[in-house]
Amino acid sequence: MGDSDRDYRKTFYSALNVHQGAQMLSEEEEFERYYVPIYAQFDGPAGPDLVAEIATAIDFTAGGSVQLLSGYRGAGKTTELLRLKRELDREVYLPVYFDIEDYFNTELPLEAATFLVGLAAGFVDNCEEIDGLKQNLYHRVQTFFQRLDIDAELSASVSGGPASLDLRATLRDDESFRAQVKAALESNRKTFKEEMHAFFNDLANSLPGNRTPVFIVDSIDHYRGRSSTFDEVRDSVEALFSHYASELALPGMHVVYTVPVYVKPTGWGGEVWPVLNVKVRERSGEDCREGIDLLRQVLAKRAPDGDVERLLGSEVDRVIRTSGGLFRELFRLVSGLLFKNGPLPVRPEDVDQVERQQRSQAVAGLTQEQWEILRQVKETQQLIVPRELTSEAWTLQALGYVLCYRNGTVDWWGVNPLLEPLLDED
């Protein structure tokens, strides 16, 4: 293998894994460099342009609103939320993007009280610095904590500048702090809500230029837990949106929350916007040419000189099909192929080997009940299970092993193509 091939592999790999290594990119830097407008075609293989629809819903709702964005992890929700942030009219709106994974452990059940307090901290930490606004906001969050009788020692650390980062560690790791916040909510929910909403209302009214905040709260969909805790984690996320809907509607601003695909909040009256994976096959089993071509563009945007065929040759379509239309799976498969040391392009046998490796990792720990659900989905193209198996089905959705595809006016279900060969072995 020549040095030029190795340089090509190294550059391509870095472009697919931008959040690793010394040259890490932020989410926004990744968007700037590599974004492909997958919703440019009206109701195309990625579905309708949900960002445009959410922006319209915000524009149509005076004073504030709550929007829920749902979808598979790895389907591109964060990228589209960053597009929403960019495309909002900055003369009218002040967008604030908050990744909750910086503040919470998403493998543990979501604690409602800590999450609600975390919204205040997340907004302040991620608000743009405008005319000294940030320091003023830190004083406001300090007062907010004090009014909730939260430990004064903690409050003193929320003083702006680098010290504000202490709050991230506190929310994640300080059990005593979380207990205080939980007690404040449980002892008097009415007062807790009033203080929380007073904080956000004062905050919204203090922003310069009479702009309305749009608070984008990302990565709630990453709450999944492990197999032993999945039900508990799922219930905690559903409980937040079912029982605390009024608290989550922050006064004076629009809020966009991401939620896992398995969350069906009881009594939620607002819109839930579903981000689907890019359709790479039709219900009949034939290729969806538009979807495959779209994901080829996504790879070309990251490949050196846009040359995907240099690595994949005639295997481009196969690799895209195997991804099921999920960006995360596509990048993982291509990254695995970039590690192969043979001449370029890679051989079909190389693709076989990477697929086997990824497949083995995917199926580790699947239960007999989950295998039965996968077989049923493959046979019926529907996801309908008895009540006692709903948690198993939700787990498969959260893992991206059962996927929803759009087919004209009707959505249908399919098994992740990586797993289908195992179902054919019976």
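The values are calculated or read from the model by the stated rules, or taken from the named source; none is laboratory data. Since the structure is predicted, the reported quantities are computational estimates derived from the model, not experimental observations. Heads up, the Cβs are rebuilt from the backbone with ideal geometry, glycines too, and the neighbour counts pull from every protein chain shown.
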Practice prompt. Quick one: count up the residues across the stretch 45-60 that are aromatic (Phe, Trp, Tyr) and in contact with a helix residue (DSSP H, G or I) (Cβ under 7 Å, 6 or more places away or on another chain).
Written response: 0
Worksheet item: Of the numbered conditions (1) under 18 Å from LYS279 (Cα atoms); (2) in contact with a helix residue (DSSP H, G or I) (Cβ under 6 Å, 6 or more places away or on another chain), ALA75 satisfies every one except a single condition; which is it?
Response: (2)
Worksheet entry | Residue ID - modelled with the lowest pLDDT, chosen from residues in the stretch 375-426 that are of a type in the set (S, T, N, Q) and in a helix (DSSP H, G or I) | SER391
Practice prompt. Could you pull out the residue among VAL354, VAL363 that is under 26 Å from the mean Cα position of the chain (by Cα), crowded, with 18+ Cβ neighbours inside 10 Å and not hydroxyl-bearing (Ser, Thr, Tyr)?
Written response: VAL354
Response to the item:
If we keep only residues of the stretch 236-294 that are polar (S, T, N, Q) and in contact (Cβ under 8 Å) with a residue 12 or more places away in the chain, then the residue nearest to VAL51 (Cα to Cα) is THR258
Worksheet item: Just checking, which of GLY342, GLY313 is in contact (Cβ under 8 Å) with a residue 60 or more places away in the chain and surrounded by fewer than 19 Cβ atoms within 10 Å (Cβ to Cβ)?
Response: GLY342
Worksheet item: Under the condition of being in contact with a Phe, Trp or Tyr (Cβ under 9 Å, 6 or more places away or on another chain) and surrounded by fewer than 24 Cβ atoms within 10 Å (Cβ to Cβ), which residue from the stretch 327-339 is farthest from GLY76 (Cα to Cα)?
Response: PHE339
Worksheet item: Which one is nearest to ALA15 (Cα to Cα), of the residues in the stretch 338-374 that are small (Gly, Ala, Ser) and outside any helix (DSSP H, G or I)?
Response: GLY342
Worksheet item: Can you find a residue in the stretch 36-59 that is under 27 Å from THR212 (Cβ atoms) and more than 23 Å from the chain's Cα centre (by Cα)?
Response: yes
Worksheet item: Considering only residues of the stretch 142-182 that are of a type in the set (A, V, I, L, M), exposed (fewer than 15 other Cβ atoms within 10 Å of the Cβ) and modelled with pLDDT of 75 or more, which is nearest to the chain's Cα centre (by Cα)?
Response: ALA169
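For every residue, the table says whether it meets (1) surrounded by 21 or more Cβ atoms within 10 Å (Cβ to Cβ); (2) among the charged types (D, E, K, R); (3) in contact with a helix residue (DSSP H, G or I) (Cβ under 8 Å, 6 or more places away or on another chain); (4) not assigned by TED's automatic domain parsing to the domain that holds ARG296.
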{"site": "ASN17", "(1), (2), (3), (4)": "no, no, yes, no"}
{"site": "ALA40", "(1), (2), (3), (4)": "no, no, no, yes"}
{"site": "ASP43", "(1), (2), (3), (4)": "no, yes, no, yes"}
{"site": "ALA62", "(1), (2), (3), (4)": "no, no, no, yes"}
{"site": "THR79", "(1), (2), (3), (4)": "no, no, yes, yes"}
{"site": "LEU88", "(1), (2), (3), (4)": "yes, no, yes, yes"}
Worksheet, complete the sentence: Of the candidates PHE115, PHE104, PHE98, the one satisfying the condition of being part of a loop (DSSP other than H, G, I, E, B), in contact (Cβ under 8 Å) with a residue 24 or more places away in the chain, of a type in the set (Phe, Trp, Tyr) and not assigned by TED's automatic domain parsing to the domain that holds LEU295 is PHE104
Fill in: GLU53 being assigned by TED's automatic domain parsing to the domain that holds ALA204, among the charged types (D, E, K, R) and either surrounded by fewer than 18 Cβ atoms within 10 Å (Cβ to Cβ) or within 16 Å of LEU295 (Cα to Cα) (or both)
yes
